[in-house]
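The values are calculated or read from the model by the stated rules, or taken from the named source; none is laboratory data. Keep in mind that this is a model prediction, so the values were computed, not measured. Glycine also receives a Cβ, built like all others from the backbone with ideal geometry; neighbour counts cover every protein chain displayed.
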Amino acid sequence: MKTIKQYLVGRGPDSALVQGSLKAHGRLKGFKVSFSGNQIFLQKLNRDMILSKSYYVQVPVMMECYDLFFDTIAGVECQGRTVLDFSGPGLHRYKKSDVAFQFPSVPEDDVMDAYTHWYLPGAGDVVWDAGAHAGASSYFLAQLVGPSGKVYAFEPDDDNFEYLLRNIEMHHLTNVVPVRKALCDKTGSATFHMDGTMNSGIGDYLTYSSAGRVKKVPTLSIADACSELGAVPAYIKMDIEGAELVSIRAAADFLKSHPIQFAIETHLVNKEYTDKPLERLFRTFDYEVSSSNWKGQTFTWARPVCTPCLRP
């Protein structure tokens, strides 16, 4: 099945076969899918979503998260329909917080409740936002840790990093430090597929590695990042598109003596989601761990069992 999907991805969004496949998949899910110019239109009931044609690989994922986006992102009302236009750069506002951010394309999912399900960062905490995208999660973490805390926002994608800087400036986030590097299993460099979306990542771990511009980016292991930044974080929010398992595996010895709370969005790598391997791995160094589906996405939470120095 993956071979067929990879073949379709390789044909590109202008392929009649690709467009026909997405339309057929959409019908099965209750969507009408259409293509016009450089845009893809998804329609279901009274809701319309517009995507850039370059985002064709993620159309099935957007169908799965359709309600999540409409429930959390403010749309435009037009002739009795609600429209979310993610086809280009834009300012999008979250309904729950009434805070807006600039995004290069599709905005980040509003899943801060999932990221803080086990641990709510507090005043003075040093935390990491690994896979910061355009900085929405960095913003919310910055509000939690306050001026005495610090958020290190890791984002190697060129477009995402530009918008991360824009949002840091727009919201005056003096306690957010942008880090233009990818978190991975070792310090060095890696081939990174970047397209200004939430799905850019290290090519070795992406499900469809033919998508996006390819560029070498600097990488840091968790242990080396702590050394370089001069502090061990209390908490790491991690959304690094499949590289989460190798990153934690490489840090196993370090994490035994440096307790850190984790909230990880897991991904499909080599036909297996990383949540179960992560659970098994964390338990080998005495971390409590759990995974669950959260609004169509799977998260893994982990915390040290005996850490009197950490707040409950």
Residues of the stretch 89-117 that turn out to be part of a loop (DSSP other than H, G, I, E, B), in contact with a Ser or Thr (Cβ under 8 Å, 6 or more places away or on another chain) and either surrounded by 19 or more Cβ atoms within 10 Å (Cβ to Cβ) or of a type in the set (Lys, Arg) (or both), as a count: 8
Some residue of the stretch 143-158 being in the same structural domain as Tyr273 (by TED's automatic domain parsing), part of a helix (DSSP H, G or I) and closer than 20 Å to Lys53 by Cα: yes
Selected residue (criterion: modelled with the lowest pLDDT) from residues of the stretch 201-216 that are surrounded by fewer than 20 Cβ atoms within 10 Å (Cβ to Cβ) and more than 14 Å from Leu268 (Cβ to Cβ): Ser210
Some residue of the stretch 67-78 being assigned to a loop (DSSP other than H, G, I, E, B), touching a Ser or Thr at 6+ places or on another chain (Cβ under 7 Å), surrounded by fewer than 16 Cβ atoms within 10 Å (Cβ to Cβ) and not assigned by TED's automatic domain parsing to the domain that holds Asn167: no
First in the stretch 263-290 and surrounded by 14 or more Cβ atoms within 10 Å (Cβ to Cβ), second anywhere and in a loop (DSSP other than H, G, I, E, B) and of a type in the set (Asp, Glu), Cβ under 6 Å, 6 or more apart: Glu265/Asp239; His267/Glu241
Which listed residue is within 24 Å of Ala114 (Cα to Cα), among the hydroxyl-bearing types (Ser, Thr, Tyr) and assigned to a loop (DSSP other than H, G, I, E, B), from Thr207, Thr174: Thr207
Test set (1) modelled with pLDDT of 95 or more; (2) crowded, with 23+ Cβ neighbours inside 10 Å - Gly188 fails condition number: (2)
